[in-house]
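Down below is the structure, laid out as structure tokens.
Only the coordinates and a few stated rules stand behind these numbers; no lab work does. None of these values were measured; they are calculated from a predicted model. FYI the Cβ positions are ideal-geometry reconstructions off the backbone, even for glycines, and counts take in every protein chain you see.
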Amino acid sequence: MPIDYSKAKVAYPKLTLYAFHLRQNLANDSKPVKNANHLWEKCQKIGQKLGIPKLENLSIPNNKEILDQGFIEFTAIQHQNNLDLTGEINRLLIHDTYAVDLTFRYSEQEVELNNLKGLNQDNCLLPRKIHASLGQTLVFFAQPVKNIDDEKSFADACVKALISEDKFKELKLDCKKQGKLLNSSIFEYNNINIPKKQCHILIWLNTTPRTNYLEDTGEYYYPLINLLNCRSKIIYARYQAIYCNKKARKEYSELEEKVIQLNKIKNKSVDSKLKEFNQWLNEIPEISFEYSRCLRDLELHKATINTNIKNYKLHLEEIKKLCKQDNLEFLSSFVELAEKTFIEQINTDLAYLIPAQNLFEQLIDSIRGIVEIEQTKRERNLNTTINTIGIGFGGGAIISGVVTQHSGIVVKQIEKIKQPVDLSLLFDKPLYPFYASLFISIAATLFFTLIGWLISRRK
């Protein structure tokens, strides 16, 4: 049965937020993203909430100020339980990323665990409150006042004291890894499989004088913050890759729907068929473009993960050199996870998606071919109709001209012909030349139209 450490005490506890926020756009590495100053604005709000003037009035720095200013120490004006809350903030620019080191500490020699919530009032340091674009890590460092029989249970009690048990259950934090950092036990809590609630906490128990010395020298500081930055970038790129894969599959499903519809449309009328296919020729290139962009982004995220894995390993080696007694397997196992799971999953996604890219081109070519064939048929039929009508009207016009010139003769001849079909019998009197010409012209036009149609049918 786990030991209840809820009323245990720690000495000189401090809680540090390491948050990372993308500063530069990938498309233009000299141009900051729209919300590049988000971290500094969050720090200002925390200062306002906790009554810390130096945080509330924190300036929005340019690059030079970030590099030159160093740590800014502060003290809270008011705090719960009359505990003396102090701390410091350090702002960094790590390549294309803004990083903040915001530390809250109690200077009291002994503090009960149930008072640790003051280091994280109203969960103000949790990811849902900070919203750092690349992610964050919380590191709690404290010295247990008495000897601990079960360090894991003690670490659990620290986490629950910092963020409340309810929040602990909501976040589904789990501690499966532990090790030694600077000769003292450290426990890792995370929920890496829940993107929207991603939370990473390290509980570092100061149990040896060696740890005190190495921590005070600060040699671990930059290797650790750089390592955590790489870790955040790897996880961020992984979730972006998952999003790109889902989006690409959605675009591909739209294409498959059109492939299914293709045979149905083929049986429609020419006009309806051409209308839909011409609309497709506008839609499919857009879908294809989005699909190609997803594939490009997948490759970029894969490259980002590989680059940060390499850098992560370098910073890990720097930390390993500080204390040979350390057990940093909990850190090195993350590299294995990134290489064997994250990268392999992207490779699998690309292996599935890349061949499908040709289907977009094939479908566009097929539709264009069908449209060209149908339009050719349509034009041919139109030309045939025009030619047929042209023959009819041309022949009718010729006959009409002849009849007009000789209408008088024709009428006289009609009057002389004594046959049952005498026009005078039909109309009681001879036709005027105009009506005779019109009648014969129409008859001739119809006759020659029929001739033209028969000729076109034989072709």
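Descriptive notes on the structure:
- Of the trypsin sites (Lys or Arg not before Pro) in the stretch 64-166, those whose Cβ has at most 13 other Cβ within 10 Å and which sit in DSSP loop: K146
- Scoring 222-230, 336-344, 205-213 by mean Cβ neighbours within 10 Å over their residues and listing the highest first yields 222-230, 205-213, 336-344.
- Filter on K176/K250; K177/K302; K176/K324; K152/K320 - keep pairs with C-alpha separation over 28 Å: K176/K250
- Around the amide H of N25, modelled in the peptide plane, lie the amide H atoms of K31, V33, all under 5 Å away and 5 or more residues distant in sequence or on another chain.
- If you model the stretch 9-217 as an ellipsoid using its alpha carbon gyration tensor, with each semi-axis the square root of five times an eigenvalue, the axes come out at 28, 20, 17 Å, biggest first.
- Taking label points 7 Å from Cα along the Cα-to-Cβ direction, E112 and E41 give a separation of 4.0 nm.
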